[in-house]
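Only the coordinates and a few stated rules stand behind these numbers; no lab work does. Keep in mind that this is a model prediction, so the values were computed, not measured. Here Cβ is always computed from backbone atoms with ideal geometry, including for glycine, and neighbour counts include all displayed protein chains.
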Amino acid sequence: MKARLNLIDLATVAASLAILTYAAWMLLSGPQGAIPMHYGADGTPDRFGDRMEAGLVIGAMGLMLAAIGWGSPITPAARTTFRDAAAFWPGSWSHF
């Protein structure tokens, strides 16, 4: 059976591509100068970086989203029910 992408998979792909596109823009033509990278509890920036650091951090987040989405068992081919899980891990899913 060929696995199809469902709505959640398509949304993950779209979000990953949007984040990676924003990271590429940040690296190539983002704002010059200091960019706030961390905010304190009072809401004021307490650490600054340049567009290279911001682009790399944003790109890493996009890649992590893609990796987590690709490896998650939400696709129809990888779905299991609680009964399947209970059969595989006896005792751990007994309350379902």
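Quick one: which of 50-56, 35-41 comes out on top by average Cβ neighbours within 10 Å, and what's the full order, highest first?
50-56, 35-41
Here the 3J(HN,Hα) profile of the range 22-39, calculated from phi with Karplus coefficients 6.51, -1.76 and 1.60 at θ = phi - 60°, is 5, 5, 5, 4, 4, 5, 8, 8, x, x, 7, x, 6, 10, x, 10, 8, 10 Hz, Gly and Pro shown as x.
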